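Inspection log for the structure reproduced underneath, given as structure tokens.
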């Protein structure tokens with residue numbers, strides 16, 4: 001690992017960040033196509049993905065993670081529950097709370113949508129050594145943390161009233 005630090009990014013670092021941004025763009029586009037193929041709104045699909053990653057959470061937590069208003073999240077959960085993607089359950093730790101439990105893993109249309117990408121990613125991963133995969137996985141975790149920090153920073157920043165024309 002390089003300990004070299006500069007104020008100015010190297011050409012390689014700039015190229016790297018461009019590739020990361022490109023990957024992010026393609027991920028967003030892929031998510032939009034997945035949402036559409038499942039008959040979902042993009043925010044609905046993103047919420048499903050968040051639930052897949054985080055596990056059962058409250059509607060308030062989902063609101064914070066998505067940046068959606070609580071009323072919008074309630075309508076979103078209603079839609080997802082109606083279509084069998086989630087269910088509401090009393091929180092076993094605090095019976096006053098309701099948690100949103102993902103239950104889409106067994107839905108055939110979800111596995112049919114994800115299986116091709118999963119197979120291609122496994123194939124790609126197989127082209128690396130275990131040591132390389134460990135490094136890549138560590139990097140992806142840290143990159144996710146950086147992006148999450150930026151999301152929280154943006155969500156806490158004052159909102160622009162309108163874009164200049």
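Only the coordinates and a few stated rules stand behind these numbers; no lab work does. Not measured: the values here are computed from a predicted model. With ideal geometry, Cβ positions are generated from the backbone for all residues, glycine too; neighbour counts draw on all protein chains shown.
Calculated over the stretch 84-165, the projected area of the Cα convex hull averaged across directions stands at 11.1 nm².
Taking 0.36 nm per residue of separation and subtracting the Cα-Cα distance, full extension of the segment from residue 36 to residue 14 would add 4.6 nm.
Extension gain for the segment residue 149 to residue 66, taken as residue separation times 0.36 nm less the Cα-Cα distance, is 28.5 nm to one decimal.
Shown here: Rg and Dmax of the Cα atoms in Å, derived from the displayed model; of the candidates (1) 19.1, 55; (2) 14.3, 43; (3) 24.9, 77, it corresponds to (1). Among 51, 140, 29, the residue with the largest mean-square fluctuation in a Gaussian network model of the chain, with springs joining Cα atoms closer than 10 Å, is 140. Net length available on complete extension from residue 21 to residue 122 is 34.2 nm, with 0.36 nm assigned per residue and the Cα-Cα distance removed.
What FRET efficiency comes out for the pair residue 88/residue 109, r = Cβ-Cβ distance, R0 = 22 Å, nearest 0.05? Calculated value: 0.50. Take the chain, connect every pair of alpha-carbon atoms lying under 10 Å apart with a spring to form a Gaussian network, then pick out the residue of 58, 17, 113 with the largest mean-square fluctuation. Among 58, 17, 113, the largest GNM mean-square fluctuation belongs to 17. Within the listed set 80, 117, 65, the Gaussian network model of the chain (springs between alpha-carbon atoms below 10 Å) gives the highest mean-square fluctuation for 117.
Peptides 42-50, 91-99, 66-74 ranked from most to least packed by the mean count of surrounding Cβ atoms within 10 Å: 42-50, 66-74, 91-99. Relative to the longest principal axis of the Cα atoms of the chain, the long axis of helix 42-54 makes an angle of roughly 80 degrees. Axis angle, to the nearest 10 degrees, between helix 108-125 and the longest C-alpha principal axis of the chain: 20 degrees.
Note on residue 28/residue 157: beta-carbon distance plugged into 1/(1 + (r/R0)^6) with R0 of 25 Å gives a FRET efficiency of 0.75. Binning the C-alpha pair distances of the stretch 21-87 at 10 Å intervals from 0 yields a P(r) profile of 21, 53, 24, 2 %, listed from the shortest bin outward. Seen against the Cα atoms of the chain and their longest principal axis, helix 70-82 is set at about 80 degrees. Modelled spin labels at residue 138 and residue 81, positioned 7 Å past Cα toward Cβ, are 4.4 nm from each other. Each Cα pair under 8 Å and six or more residues apart adds its separation to the average, and for the stretch 15-104 the resulting relative contact order is 23 percent.
Here the relative contact order of the chain, from alpha carbon pairs under 8 Å that lie six or more residues apart, stands at 14 percent. Shape class for the stretch 56-99: oblate, because the ratio a/c of the largest to smallest gyration tensor axis (alpha-carbon atoms, square roots of eigenvalues) is 1.5 or more and b/c is at least a/b.
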